[in-house]
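Worksheet for the structure shown next.
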Amino acid sequence: MSGSGSAATARVVVGVSGSVGSLTALRRAADEARRRGAQLWPVLAWQPPGGDPVARRGPGVSLMQGEWQRLARERLVTVLSDVFGETGPGVWMYALVARGTPGQALVEIADGEDDILVVGAGRRSLWHRACCRSVTRYCLAHAACPVLAVPPSPLESELAAVHRRNAWRLRLDTRHLAKETVRPDGA
(Lines give C-alpha, C1' and ligand atoms only; values in the text may rest on other atoms or scores of the structure.)
Protein backbone atom coordinates (compact mmCIF):
# COMPACT_ATOMS: atom_id res chain seq x y z
CA MET A 1 0.00 0.00 0.00
CA SER A 2 2.94 2.29 -0.46
CA GLY A 3 1.07 4.19 -3.14
CA SER A 4 -1.47 5.47 -0.61
CA GLY A 5 0.54 8.62 0.07
CA SER A 6 3.17 10.47 -1.88
CA ALA A 7 6.74 9.46 -1.09
CA ALA A 8 7.72 12.94 0.15
CA THR A 9 4.72 13.44 2.44
CA ALA A 10 5.05 12.30 6.03
CA ARG A 11 1.93 10.81 7.58
CA VAL A 12 0.80 10.26 11.13
CA VAL A 13 -1.51 7.24 11.04
CA VAL A 14 -3.68 6.75 14.12
CA GLY A 15 -6.05 3.97 15.10
CA VAL A 16 -9.50 5.21 16.12
CA SER A 17 -12.26 3.13 17.67
CA GLY A 18 -14.19 5.63 19.77
CA SER A 19 -12.78 4.37 23.08
CA VAL A 20 -11.34 6.84 25.56
CA GLY A 21 -7.85 5.51 24.80
CA SER A 22 -8.25 6.00 21.06
CA LEU A 23 -9.51 9.56 21.60
CA THR A 24 -6.37 10.30 23.62
CA ALA A 25 -4.26 8.76 20.83
CA LEU A 26 -6.11 10.83 18.21
CA ARG A 27 -5.37 14.08 20.03
CA ARG A 28 -1.72 13.11 20.42
CA ALA A 29 -1.51 12.13 16.73
CA ALA A 30 -2.91 15.53 15.71
CA ASP A 31 -0.29 17.24 17.89
CA GLU A 32 2.46 15.10 16.28
CA ALA A 33 1.18 15.89 12.77
CA ARG A 34 1.16 19.64 13.50
CA ARG A 35 4.64 19.52 15.02
CA ARG A 36 6.08 17.54 12.09
CA GLY A 37 4.12 19.26 9.32
CA ALA A 38 2.66 15.87 8.39
CA GLN A 39 -0.73 14.63 7.23
CA LEU A 40 -3.10 13.10 9.80
CA TRP A 41 -4.62 9.74 8.81
CA PRO A 42 -7.22 8.57 11.37
CA VAL A 43 -8.16 4.94 10.60
CA LEU A 44 -11.16 3.03 11.91
CA ALA A 45 -10.86 -0.69 11.19
CA TRP A 46 -14.01 -2.81 11.16
CA GLN A 47 -14.99 -6.43 10.76
CA PRO A 48 -18.38 -8.06 10.28
CA PRO A 49 -19.96 -9.21 13.55
CA GLY A 50 -18.44 -12.58 14.38
CA GLY A 51 -15.49 -11.94 12.07
CA ASP A 52 -14.86 -12.85 8.44
CA PRO A 53 -15.33 -16.64 8.79
CA VAL A 54 -18.90 -16.11 10.03
CA ALA A 55 -19.51 -13.50 7.33
CA ARG A 56 -18.55 -15.95 4.58
CA ARG A 57 -21.09 -18.54 5.77
CA GLY A 58 -24.15 -16.33 6.17
CA PRO A 59 -26.56 -16.06 3.22
CA GLY A 60 -27.60 -12.44 3.75
CA VAL A 61 -24.24 -11.17 4.90
CA SER A 62 -23.26 -9.71 1.54
CA LEU A 63 -26.30 -7.44 1.78
CA MET A 64 -25.15 -6.21 5.19
CA GLN A 65 -21.56 -5.39 4.17
CA GLY A 66 -22.50 -1.94 2.89
CA GLU A 67 -24.51 -1.19 6.02
CA TRP A 68 -21.66 -2.21 8.33
CA GLN A 69 -19.24 -0.03 6.38
CA ARG A 70 -21.68 2.90 6.51
CA LEU A 71 -21.98 2.50 10.29
CA ALA A 72 -18.18 2.45 10.61
CA ARG A 73 -17.93 5.66 8.55
CA GLU A 74 -20.58 7.32 10.73
CA ARG A 75 -18.71 6.32 13.88
CA LEU A 76 -15.45 7.74 12.49
CA VAL A 77 -17.12 11.02 11.50
CA THR A 78 -18.72 11.28 14.95
CA VAL A 79 -15.42 10.66 16.73
CA LEU A 80 -13.59 13.22 14.58
CA SER A 81 -16.35 15.76 15.20
CA ASP A 82 -16.30 15.11 18.95
CA VAL A 83 -12.52 15.50 19.19
CA PHE A 84 -11.88 18.34 16.75
CA GLY A 85 -15.25 20.10 16.52
CA GLU A 86 -15.80 22.66 13.79
CA THR A 87 -12.19 23.83 13.68
CA GLY A 88 -10.65 20.54 12.62
CA PRO A 89 -7.21 19.21 13.60
CA GLY A 90 -5.22 22.08 12.10
CA VAL A 91 -3.45 19.85 9.55
CA TRP A 92 -4.39 18.11 6.33
CA MET A 93 -6.45 15.06 7.28
CA TYR A 94 -7.45 11.95 5.34
CA ALA A 95 -9.91 9.84 7.36
CA LEU A 96 -10.07 6.19 6.34
CA VAL A 97 -12.37 3.26 7.11
CA ALA A 98 -10.58 -0.06 6.58
CA ARG A 99 -12.01 -3.55 6.67
CA GLY A 100 -9.92 -5.97 8.72
CA THR A 101 -8.46 -6.48 12.14
CA PRO A 102 -7.26 -3.19 13.64
CA GLY A 103 -3.60 -4.11 14.08
CA GLN A 104 -3.18 -5.57 10.62
CA ALA A 105 -5.05 -2.70 8.93
CA LEU A 106 -2.96 -0.07 10.73
CA VAL A 107 0.34 -1.78 9.91
CA GLU A 108 -0.62 -2.11 6.24
CA ILE A 109 -1.62 1.55 5.98
CA ALA A 110 1.38 2.96 7.88
CA ASP A 111 3.97 1.51 5.51
CA GLY A 112 6.01 4.56 4.48
CA GLU A 113 9.49 5.28 5.78
CA ASP A 114 8.37 8.74 6.94
CA ASP A 115 5.17 7.46 8.59
CA ILE A 116 4.51 7.32 12.31
CA LEU A 117 1.85 5.00 13.71
CA VAL A 118 0.04 6.21 16.85
CA VAL A 119 -2.02 3.80 18.93
CA GLY A 120 -3.58 3.90 22.38
CA ALA A 121 -1.78 1.66 24.86
CA GLY A 122 -5.07 0.31 26.18
CA ARG A 123 -5.81 -1.20 29.54
CA ARG A 124 -2.92 -2.49 31.56
CA SER A 125 -4.62 -5.03 33.80
CA LEU A 126 -3.35 -8.61 33.89
CA TRP A 127 -6.75 -9.93 32.84
CA HIS A 128 -6.81 -7.81 29.68
CA ARG A 129 -3.24 -8.72 28.81
CA ALA A 130 -3.98 -12.43 29.19
CA CYS A 131 -7.40 -12.59 27.53
CA CYS A 132 -7.57 -9.81 24.95
CA ARG A 133 -5.55 -9.32 21.83
CA SER A 134 -3.55 -6.15 21.94
CA VAL A 135 -3.57 -3.92 18.89
CA THR A 136 -0.63 -2.04 20.37
CA ARG A 137 1.49 -5.17 20.76
CA TYR A 138 0.64 -6.28 17.22
CA CYS A 139 1.64 -2.88 15.81
CA LEU A 140 4.88 -2.78 17.81
CA ALA A 141 5.82 -6.24 16.54
CA HIS A 142 4.86 -5.82 12.87
CA ALA A 143 5.07 -2.14 11.89
CA ALA A 144 7.77 -1.02 9.47
CA CYS A 145 7.63 2.54 10.83
CA PRO A 146 8.03 4.01 14.33
CA VAL A 147 5.09 3.33 16.66
CA LEU A 148 4.00 5.76 19.36
CA ALA A 149 1.99 3.99 22.07
CA VAL A 150 0.00 6.62 23.99
CA PRO A 151 -0.66 5.69 27.63
CA PRO A 152 -4.23 5.76 28.88
CA SER A 153 -5.67 9.05 30.05
CA PRO A 154 -6.09 9.42 33.83
CA LEU A 155 -9.78 9.87 33.07
CA GLU A 156 -9.89 6.33 31.65
CA SER A 157 -8.74 4.78 34.94
CA GLU A 158 -11.24 6.89 36.87
CA LEU A 159 -14.06 5.78 34.56
CA ALA A 160 -12.98 2.15 34.95
CA ALA A 161 -13.07 2.54 38.75
CA VAL A 162 -16.59 3.98 38.56
CA HIS A 163 -17.66 1.14 36.28
CA ARG A 164 -16.27 -1.48 38.68
CA ARG A 165 -18.00 0.22 41.61
CA ASN A 166 -21.30 0.26 39.75
CA ALA A 167 -20.92 -3.33 38.52
CA TRP A 168 -20.33 -4.57 42.06
CA ARG A 169 -23.04 -2.23 43.40
CA LEU A 170 -20.67 -0.67 45.90
CA ARG A 171 -21.62 2.50 47.72
CA LEU A 172 -20.10 5.81 46.71
CA ASP A 173 -17.55 7.14 49.22
CA THR A 174 -18.51 10.78 49.82
CA ARG A 175 -16.19 11.54 52.75
CA HIS A 176 -13.90 13.67 50.60
CA LEU A 177 -16.87 15.80 49.56
CA ALA A 178 -17.61 16.79 53.16
CA LYS A 179 -14.17 18.39 53.46
CA GLU A 180 -14.91 20.86 50.67
CA THR A 181 -17.74 23.23 51.43
CA VAL A 182 -19.15 25.98 49.31
CA ARG A 183 -20.72 29.00 50.91
CA PRO A 184 -24.18 29.82 49.60
CA ASP A 185 -23.35 33.53 49.30
CA GLY A 186 -20.48 32.76 46.88
CA ALA A 187 -17.80 34.28 49.16
Exercise for review: Using a 1.4 Å probe and ignoring any ligands, DNA or RNA, find the accessible area of residue 70 and quote it in Å² to the nearest 10.
Suggested key: 80
Exercise for review: Rank these residues by their accessible area, most exposed first, probe 1.4 Å: 11, 75.
Suggested key: 75, 11
**Study point:** Ranking by accessible area, most exposed first, for 24, 87, 78 with a 1.4 Å probe
**Key:** 87, 78, 24
Revision key, fill the gap. Using a 1.4 Å probe on heavy atoms of the protein chains only, the accessible area for residue 145 in Å², nearest 10, reads 10
Revision key, fill the gap. Taking 0.36 nm per residue of separation between residue 78 and residue 114 and subtracting their Cα-Cα distance, the length gained on full extension comes to 10.1 nm
Check your understanding: Got a sec? What order do 163, 142 fall in by accessible area at 1.4 Å, biggest, i.e. largest, first?
Key -> 163, 142
Exercise for review: Name all residues of region 71-95 having a backbone nitrogen under 12 Å from the label point set 7 Å from the Cα of residue 155 along its Cα→Cβ direction, giving them as ranges.
Suggested key: 82-84
Exercise for review: Convert each backbone phi in region 136-150 into a coupling constant with the Karplus relation 6.51 cos²θ - 1.76 cosθ + 1.60 (shift: θ = phi - 60°), then list the ³J(HN,Hα) values in order as whole Hz, x for Gly and Pro.
Suggested key: 4, 4, 4, 5, 4, 7, 10, 6, 8, 10, x, 10, 9, 9, 8
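The values are calculated or read from the model by the stated rules, or taken from the named source; none is laboratory data. In this text the structure is predicted, and so the values were computed from the model without any measurement. Every residue, glycine among them, receives a Cβ derived from its backbone with ideal geometry; neighbour counts consider all protein chains shown. Accessible surface areas use protein heavy atoms only, side chains included; no ligands, DNA or RNA. Shrake-Rupley method; radii C 1.70, N 1.55, O 1.52, S 1.80 Å.
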